[in-house]
Amino acid sequence: MTKLTTTQTIEDNNICGDCRQRLNKILTTDQYSEAEIDLLHRPKRTLTFAVPIRMDSGEVKTFNAYRVLYNDALGPGKGGIRFHSDVHLQEVKNLAFLMALKCSLVNIPFGGAKGGVEVDPRTLTRNEVERLSRSFIREVHPFIGERTDIPAPDVNTNSTIMGYMADEYAKIRGYFVPGIITGKSVLLGGSAGRTEATSLGGAYILKTYLEHIRKDIKNTTVAVQGFGNVGLHVVKILYEWGAKVVAVSDSKKGIYNQNGLDIETLLKSEKIGALPEGYKAKEITNEELLLLDVDVLVPAAISHQITNNNAREIKARVILELANDPITAEADEVLEDNGVVIIPDIIANAGGVMVSYFEWIQNSTNDYWTIEKVYSELESRLVMAFKKVIQESNQDLTDLRKQSYRLAINRIIEAEKGRGRL
Ligand code: NAD
């Protein structure tokens, strides 16, 4: 058996940054073989390819694109495709790694994957976005499939784009294969409940944690950073369950009312910037929202919002990570020392991939579920996975992130061993 030291680096094809630091934290405290360490640090398959499209002007432009399959021991790859100007291979690898852990932790039969195109979609017309989506599928189609690697939406991609991609794949195969991609519109085989799945999953996880610490959700104050799909729905759900949502923000500004925001008006407005005159709230910055004295802070916007620079000033008792990677690895340690409980992204926001899994089951069986069935399956499966994390973190005296990583990693290793590949 080999122990990995934190200073040891494994370069080239491997994950980096926070993902690597967190993985190494487990690998340095538990015993793993060299082969296991090597397998966990690197993706199984990394594709870098060029996606050419004809622009409306007639000229041809080519974009860099990526698809990474991190692990397939538990099942086919699963993970979104993002369109963003900052997409690069290293980021895609790290996100694919997080997907592998997430699927393993919540016990769904998928490995992890991720893809992306380095493009600012705001610079493209609707027709150019469609041609880009179709071109991506033409280039990547030999490497994806309903039993090998199943894409989904991610940043700046949506059900419309999934529809173009599914259609392009159908042209290549000669027939429509709904299970090739998830996050489709319901008409094309998407699942009921996918839009709110990530937020509802996070809310079930938070409710479970509050019950565990015997805190009534009705006496719980919440601040939510981000008011997009995930932020809006989590505000709505927690408000309906009786929590007091005191602050919300988007990329431009935040609003705060210590007695609780008027959520009905906020939801009707859909955007913080569209609130009516006289709305009772104080304007705050995004930075101020993160430092509010609340029971629960919900980062639901972008990564790396809580860092070494602000972690010491965080006053929330619990952080529910609905965004991917909102806290840096260094900030984890500061928060842990200050007794702040972090409910990590790989369980807190796993509701999205869970309902994608339900969509894939429905596509495979042609048996479409009611919204009630989707919600009840989502709750029971997520809560079961999270209770195991809580129970084992109490036994092992570790934090929830470390225990989540440990459970996810061990399940992947056991599956690799079961297949005789380790
Ligand atoms: P979205 O684009 O709909 O919303 C993002 C929100 O964040 C917007 O309100 C935007 O104004 C705000 N924002 C952007 N930059 C900000 C900044 N610098 N400071 C504060 N707020 C900022 O995205 P979404 O689908 O709601 O996803 C939010 C997060 O949840 C992302 O990290 C995403 O990776 C993660 N996530 C989403 C899903 C899903 O199903 N949508 C699943 C898992 C994880």
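What follows draws every value from the coordinates through simple rules; no lab data is involved. Just so it is clear, the structure is predicted and the values come from calculations on it, not from any experiment. For neighbour counting, all protein chains shown are included, and Cβ atoms are generated from backbone atoms with ideal geometry for every residue, glycine included.
Strictly over 30 Å apart at the Cα level, which of Lys207/Lys402; Lys25/Lys244; Lys207/Lys315; Lys244/Lys271; Lys282/Lys402; Lys236/Lys388 would you flag in this model? Don't jump to the answer; show the numbers that get you there.
Values: Lys207/Lys402 21 Å; Lys25/Lys244 36 Å; Lys207/Lys315 20 Å; Lys244/Lys271 19 Å; Lys282/Lys402 37 Å; Lys236/Lys388 28 Å.
Checking Cα-Cα distances, Lys25/Lys244; Lys282/Lys402 exceed 30 Å.
So who's got an amide H within less than 5 Å of the one on Gly77, skipping anything under 5 residues away but keeping other chains? H placed 1.01 Å off N, in plane.
Long-range HN contacts for Gly77: Gly111, Asp149, Ile150.
Using alpha carbons only, how many angstrom separate the centre of segment 365-422 from the centre of segment 44-91?
28 Å
Which ³J(HN,Hα) values, rounded to whole Hz and listed in residue order, are derived for segment 151-164 from phi using the Karplus coefficients 6.51, -1.76 and 1.60 in 6.51 cos²θ - 1.76 cosθ + 1.60 with θ = phi - 60°, glycine and proline given as x?
x, 6, x, 8, 4, 6, 10, 8, 5, 5, 5, 4, x, 4
What are the residues whose amide H is under 5 Å from the amide H of Arg82, where those residues sit 5 or more places off or on another chain and H is modelled from the backbone?
Gly115, Gly116, Val117
Looking at segment 232-296, which trypsin sites (Lys or Arg not before Pro) are DSSP coil and have at most 16 other C-beta atoms within 10 Å of their C-beta? Walk me through the numbers on the way to the answer.
On the way: sites: Lys236, Lys244, Lys252, Lys253, Lys268, Lys271, Lys280, Lys282; in loops: Lys252, Lys253, Lys271, Lys280.
Loop-located and lightly packed - Lys252, Lys253, Lys271, Lys280.
Explain nothing, just compute: Karplus ³J(HN,Hα) = 6.51 cos²θ - 1.76 cosθ + 1.60, θ = phi - 60°, for every residue of segment 222-229 in order, whole Hz, x for Gly and Pro.
Coupling constants for segment 222-229: 9, 10, 10, 8, x, 10, x, 4 Hz.
What do you get for GluC sites (Glu not before Pro) in segment 241-339 restricted to DSSP loop and a cutoff of at most 12 other Cβ within 10 Å of the site's Cβ?
Counting only loop positions with at most 12 other Cβ atoms within 10 Å, the GluC sites (Glu not before Pro) in segment 241-339 are Glu270, Glu277.
Test of understanding: what is the full-extension gain from Thr123 to Gln21, defined as 0.36 nm times their sequence separation minus their Cα-Cα distance? Don't skip to the end; give the middle numbers.
Working: separation 102, 0.36 × 102 = 36.72 nm, distance 3.57 nm.
This chain segment gains 33.2 nm when fully extended.
Provide the FRET efficiency to the nearest 0.05 for the Asp396-Lys315 pair, computing r from the beta carbons and using R0 = 45 Å.
Numbers: r = 28 Å, r/R0 = 0.62.
After rounding, the FRET efficiency stands at 0.95.
In sequence order, what are the phi-derived ³J(HN,Hα) couplings for segment 136-144 according to the Karplus relation 6.51 cos²θ - 1.76 cosθ + 1.60 with θ = phi - 60°, rounded to whole Hz, with x for glycine and proline?
With the stated coefficients, segment 136-144 comes to 4, 5, 4, 6, 9, 4, x, 9, 10 Hz.
For Met55 and Asp38, calculate 0.36 nm times their separation in residues minus their Cα-Cα distance, and state this gained length in nm to one decimal. Numbers along the way, then the final one.
Numbers: separation 17, 0.36 × 17 = 6.12 nm, distance 4.26 nm.
Extra length available between Met55 and Asp38 comes to 1.9 nm.
For segment 17-63, state which GluC sites (Glu not before Pro) are in a DSSP loop and have at most 13 other beta carbons lying within 10 Å of their beta carbon. Mind dumping the intermediate values first?
Values: sites: Glu34, Glu36, Glu59; in loops: Glu59.
Sites meeting the loop and neighbour criteria: Glu59.
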